[in-house]
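A short write-up of the structure that comes next.
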Amino acid sequence: MSIEKIIELVRREDVILWIGSGFSLYAGFPTGAKLAELIYQELSKEEQAEIRPHLSLMDLTEEFVRAKGDSRNELNMVLRKIFTQEPTSLKWHEVMASIPHFKTIITTNYDRLIESAYKNNLHVIWKPGELAYRDNRPELIKLHGDILDPESLVLTRTDYRKFFREYIDT
């Protein structure tokens with residue numbers, strides 16, 4: 001597709017942005033692979049001896065929770081520490097926010113960088129019930145939840161199973 005065609009689609013507001021962890025790299029936030037490394041480092045030496053270091057992120061977090069007595073508390077604390085840090089930059093998020101033609105943004109990111117760039121002038125959806133409160137502001141759909149709502153996070157293998165059971169199979 002040509003750049004001219006893309007620009008025309010943006011002008012017509014026929015573009016939905018899909019944003020993953022790579023978009024937040026310059027802001028100092030990790031990719032999925034780096035997040036797995038950071039989480040693995042939070043395990044004790046004994047736990048590390050029982051869990052392979054190069055598991056997928058969802059399998060590693062599943063094992064992390066299991067190692068912590070099937071409690072999400074420590075995982076949630078690690079995630080909060082990582083994703084509530086001050087960003088090194090919001091430049092590209094602010095550039096995105098300055099383009100008024102983006103009406104829908106879908107992200108798998110837990111962080112709040114998009115919300116910060118939009119100065120919270122967007123409708124954030126991370127639970128199905130929030131769809132009922134749509135308005136004319138741009139929409140941010142956070143498929144994997146929001147860091148400030150640990151119950152909403154989709155990260156472990158169990159979380160993905162639950163997500164697909166609740167939201168896809170209905």
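The values are calculated or read from the model by the stated rules, or taken from the named source; none is laboratory data. These numbers come from a predicted model, not from an experiment. Only protein heavy atoms, including side chains, enter the accessible area calculation; ligands, DNA and RNA are left aside. Shrake-Rupley method; radii C 1.70, N 1.55, O 1.52, S 1.80 Å.
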**Q.** Option label - mean projected area of the Cα convex hull in nm² computed here, alternatives [x] 16.5; [y] 10.9; [z] 11.5
**A.** [z]
Q. Expressed as an acute angle from 0 to 90° and rounded to the nearest 10, what is the orientation of the C-alpha long axis of helix 32-41 relative to the principal long axis of the chain?
A. 30 degrees
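Quick check: with the 1.4 Å probe, what order do I106, I99, I39 take by accessible area, largest first?
On the way: I106 30, I99 55, I39 0 Å².
Heavy-atom accessible area, descending, gives I99, I106, I39.
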Q.
With every protein chain left in place and a probe of 1.4 Å, what is the accessible surface of K142, to the nearest 10 Å²?
A. 0 Å²
Q.
Can you show me the helix-derived [θ] at 222 nm for the chain, built from DSSP H runs with n ≥ 4 at -39,500 (n - 2.57) apiece and divided by the number of residues, rounded to the nearest 500.
A. -10500 deg cm²/dmol
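Report, to the nearest whole %, how much of the accessible area of the chain belongs to carbon and sulfur atoms, 1.4 Å probe, protein only.
The value for the chain is 54 percent carbon and sulfur by accessible area.
Given axes a ≥ b ≥ c from the Cα gyration tensor, I'd like to know whether segment 35-110 is rounded (a/c under 1.5), prolate (a/b larger than b/c) or oblate.
prolate
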Q) Solvent-accessible area per residue for the chain at a 1.4 Å probe radius, Å²? A) 59 Å²
(Q) Need one value: the accessible area of E13 in square angstrom, 1.4 angstrom probe, rounded to the nearest 10. (A) 90 Å²
